[in-house]
Amino acid sequence: MKRRSALKLFGGALVVAAGGAGYFASTRTPALALAPWQMAGDPGFIDPRMRALSYAVLAPNPHNRQPWLIELDDESGLTLRFDQSRQLPYTDPFDRQLTIGLGCFLELLKMAANADGQRADVNLFPEGSSAEGLNDAPVAEIHFSEDSSVTADPLWLNVLKRRTNKSPFDTSRQISSESLESVIGIAVNGTTLGGTVDESEVAGWRETTERALAIEIETPHTYKESVDLFRIGKQEVEANPDGIDFSGPLFEALHVVGAFSREAALDTDSATYKQGMDAVLQNCRTAMGVVWMTTQGNSRQDQIAAGGDWLRVNLACTAIGLGFQPLSQALQEYPEMQSLYQQTHQQLAPQGSTVQMLARIGYGDTIAPSPRWPVESRIAG
Ligand SMILES: Cc1cc2nc3c(=O)[nH]c(=O)nc-3n(C[C@H](O)[C@H](O)[C@H](O)COP(=O)(O)O)c2cc1C
């Protein structure tokens, strides 16, 4: 539920709350939570690993949990581990999506290193991994070395502009099939990308993604998992710059007058719940194209590869001005979603591969960056 929907949603309360609130509004940007976007690549980071990590923390990741923990080893190595306190036990019971987020992180780390004249050699799961879930064993060991032959990836230019667009797309602007082809031709990590901009196919996906989102919201424990991660207003966002961000003067004013809160969002009889549900479903209805990704296996290595290529698709969309929002609900592994999970797999992976990601694409508003923990806070020791 983003700004435009909320204006419609809580209009009455807002008029009261926002009257004469210009100064208030100007002070409500959570500047500290957004600072990592300004700090990326800062020359104050003398160590090339820190320069690369300062970009990697900007990677897309589920519910913005930022599940990465770093140890700097000797002079030129680092170890990436999974932060188990960041799990999403109901919507991601096997940590599949969180592993994809770690794959996005590693791809961005490599890109940043290369743009800085460094090689980053990655050794995945040196102590093995489990299909049940991630534990505290290393996800990857990475070794940095100077290399004058490495060059910046062409997608690198888009890294600081990349966003997840959680607002409606412009339904009067079609996406050309050439644009779609350019975006799904970008994989380098062995995954398979597909997509459609065909009107009737997109209509089917609008319906599927909307149904899946409704199931997630109508299933009490999966919905509560998200609501518990709502960060409402500057103070909450800056105290915990992760999760689902509702910052800015609008949400803050609504919060102050009691028109928007976690309690109201959980009350299925409240206007907040009903109109919030409508706002997020409305986003699905504005998909102008759909992109998906499959992998032949579903090992942890496959999931990391999926993250790498998924980051690339997101960047490729950014490069041509296309808005991009993953809609993961139909791919989630809990009993209430089983029938839509199977339907989606029959449709996109009839040979038995795994559908790792699904997103809607379209042209939309310019989106602000989302909060991040500072890179230093993710380094152990
Ligand atoms: C594996 C994965 C699954 C995601 N699923 C969703 C989703 O279902 N809905 C959504 O709005 N965003 C989804 N996202 C995007 C994240 O919410 C987003 O990356 C995060 O909030 C940080 O925002 P940013 O991408 O704008 O930096 C997903 C991202 C990843 C990597």
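The values are calculated or read from the model by the stated rules, or taken from the named source; none is laboratory data. Just so it is clear, the structure is predicted and the values come from calculations on it, not from any experiment. In this analysis, Cβ positions are derived from the backbone assuming ideal geometry, glycine residues included, and neighbour counts consider all displayed protein chains.
Some points to look at:
- One residue stands out in the range 268-290 among those that are β-branched (Val, Ile, Thr) and within 15 Å of the ligand (Cβ to nearest atom): the one that is surrounded by the most Cβ atoms within 10 Å (Cβ to Cβ), namely 290.
- Of the helices (runs of 4 or more DSSP H) entirely within the range 21-108, those holding at least 1 residues that are within 14 Å of the ligand (Cβ to nearest atom), crowded, with 17+ Cβ neighbours inside 10 Å and not hydrophobic (A, V, I, L, M, F, W, C) occupy 31-39, 48-56.
- Filtered residue count, the range 359-381, keeping only those that are more than 16 Å from the ligand (Cβ to nearest atom) and not in a loop (DSSP other than H, G, I, E, B): 3
- For first residues located in the range 49-72 and aliphatic (A, V, I, L, M), partners that are near the ligand (Cβ under 10 Å from one of its atoms) and lie 6+ apart or on another chain with Cβ distances below 6 Å form the pairs 56/105; 57/372; 59/104; 59/105.
- Options 307, 323: the member that is farther than 28 Å from residue 221 by Cα and small (Gly, Ala, Ser): 323
- Residue count, the range 335-358 (criterion: closer than 17 Å to residue 92 by Cβ, touching a Ser or Thr at 6+ places or on another chain (Cβ under 7 Å) and away from the ligand (no atom under 14 Å from the Cβ)): 1
- Residue in the range 275-287 that is touching a residue at least 12 places away in the same chain (Cβ under 8 Å) and in contact with a Gly (Cβ under 7 Å, 6 or more places away or on another chain) present: yes
- Residue within the range 301-310 that is assigned to a helix (DSSP H, G or I), at pLDDT 95 or above, more than 19 Å from the chain's Cα centre (by Cα) and of a type outside the set (A, V, I, L, M, F, W, C) present: yes
- Of all the criteria given as (1) within 23 Å of residue 304 (Cα to Cα); (2) without any contact (Cβ under 8 Å) to a residue 24 or more places away in the chain, the one not satisfied by residue 149 is (1).
- In the range 175-206, the residues that are more than 14 Å from residue 313 (Cβ to Cβ) and free of Cβ contacts under 8 Å to residues at least 24 places away in the same chain: 176, 177, 178, 198, 199, 200, 203, 204
Condition check ((1) of a type in the set (Lys, Arg); (2) surrounded by 15 or more Cβ atoms within 10 Å (Cβ to Cβ); (3) modelled with pLDDT of 95 or more) across all residues:
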position: 156; (1), (2), (3): no, yes, yes
position: 162; (1), (2), (3): yes, yes, yes
position: 171; (1), (2), (3): no, no, yes
position: 214; (1), (2), (3): no, yes, yes
position: 229; (1), (2), (3): no, yes, yes
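- Residue in the range 291-300 that is more than 30 Å from residue 259 (Cβ to Cβ), among the aromatic types (Phe, Trp, Tyr), more than 12 Å from the ligand (Cβ to nearest atom) and not in a loop (DSSP other than H, G, I, E, B) present: yes
- The range 311-336, residues that are in a helix (DSSP H, G or I) and charged (D, E, K, R): 312, 336
- Helices (runs of 4 or more DSSP H) (entirely within the range 147-255) containing at least 3 residues that are closer than 30 Å to residue 32 by Cα: 220-227, 233-239
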